[in-house]
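Working notes for the structure below.
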Amino acid sequence: MNELQKKIKFQFTLLETIFFVHTGIIGAVYVLYLLSKGLSIFQANMVSAVFTLTSICLEVPSGAVCDIIGKRRTAIFAGIALFIAMLCFQLGMNIGIIIIGQIFWGMSYSLESGTIEAWAVNEGKFKDSEIDIVFASSAKLQSIAMILGSFIGTWFADRSLNLIWFAPMITSLIFIFMVLMFIKEPKQQNKINQISIINLYKSSIANIKAGFKHIISEKKLLYVYNFNIIIAFIFSPLMIFWSVYLKQISDDSSYIYLSFVWVLIQLALVAGNQILEYIGLKYKRKTIFIFSLIVLAISMISMNFIEGFIFATAMILLQELICAVINSSQRGLINNHIDDEKRATMISYSSLFNSLGKVMASVLFGMVADIFSITTAWMTAGIMSLLSIGYIILMYKTIDRKKYTDKNAECV
């Protein structure tokens, strides 16, 4: 990488780390916070689905708006929405306030989603495996930051679950300050004040339609975007149930031990991204995806047959490691197949597909966990992981066929 790319990589890593560090602070006790409000697991999933539904509704429009008004303004709005969301959770006076918080939380994610990523890729001109390495490096620092955040969150949780939201309110303000420092708008986007709301709306709709038509017309893109749904679906039990399940099988009444598991999870994510930085230069993404999903399936299915806190913790850590490898590779795969001009819009479509998978998974796995057990939900995801290997083979056949066709066209 040249000096500019290293600078962009560093700034991108800081921005993403500061924005997402709140998930480390609340991650170990977030579901427990919802359960403390008197909700069942299924009801907690339904409330959490408000976040995802908001992301779905705003994901693509926010990406289109970002391509029009610029990354700087969009990122600032994301920070403001995140602050309001954390404030609502901290107040938590009733379920209505929590739902409003979920809406602003989803809004902040949809505004941030693709914005910082599109800025970094466009400014740094990263290509091929360089993109995977940038994402992996960023994810590593996020995990390390979250280790500290987890102790802060559980320290507050042992006093009151409502207190875990103070630190995220502060980090959202820091994010806004960093956006103002790092992201500069191109001259043409500095003229946005001259654009009326009506013209902005029309331009956004045009971008959304163009992006959708592009996905539908490009078969390889449709495969790649649908792969997002599959991956989001498969990893949902891990994201939703890990702390609830460990609390369920542990006799410890304190929340502090969950912070130690959270630390191990972050170290597993660091390890996963470090492994990707190494194997990403040696093996093709297809091979990495297939091997990762096989290991993931074995770990998920085995949790239904082998009991014990230590074994469950070990399998959760292994699944988090695989999650890190797949997520960074998946982001690189998306960015390799989209253009700079509409990158934020197309990344937003990627996040939209991912959110669709999470919504469907929240409903399905919530019902499975309530009717049967959490481990049954995990086993179901493991079976899906094995079945998805066939999809990957078909996806790469389409991608390779497209590359061959394009190459022949260039020769002609």
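Every read-out reported here was derived from the displayed coordinates using simple, explicitly stated rules and does not represent laboratory data. The structure presented is a predicted model; accordingly, all values stated were derived computationally and were not measured. Reconstructed Cβ throughout: ideal geometry from the backbone, glycine too, with neighbour counts over all protein chains shown.
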With no solvent and one equal point scatterer placed on each C-alpha of region 3-411, evaluate the Debye formula and give log10 I(q)/I(0) for q = 0.06, 0.12 Å⁻¹, two decimals. -0.23, -0.97
Beyond 27 Å between alpha-carbons counts as too far, so tell me which of LYS125/LYS184; LYS6/LYS209; LYS127/LYS219; LYS184/LYS342; LYS247/LYS284 fall in that bin. LYS6/LYS209; LYS247/LYS284
Cβ crowding within 10 Å averaged over residues, with 235-241, 384-390 ranked highest first: 235-241, 384-390
What are the radius of gyration and Dmax of region 76-183, computed over its Cα atoms and given in Å? 16.0, 48
Calculate for the chain the 222 nm mean residue ellipticity that helices alone would give, adding -39,500 (n - 2.57) per DSSP H run of length 4 or more and normalising by residue count, nearest 500 deg cm²/dmol. -29500 deg cm²/dmol
Mean Kyte-Doolittle of at least 0.5 and a Cα length of 20 Å or more along the axis: which whole DSSP H helices of the chain meet both? 3-27, 41-69, 71-91, 95-112, 129-157, 166-182, 197-217, 219-249, 256-279, 285-302, 309-336, 343-371
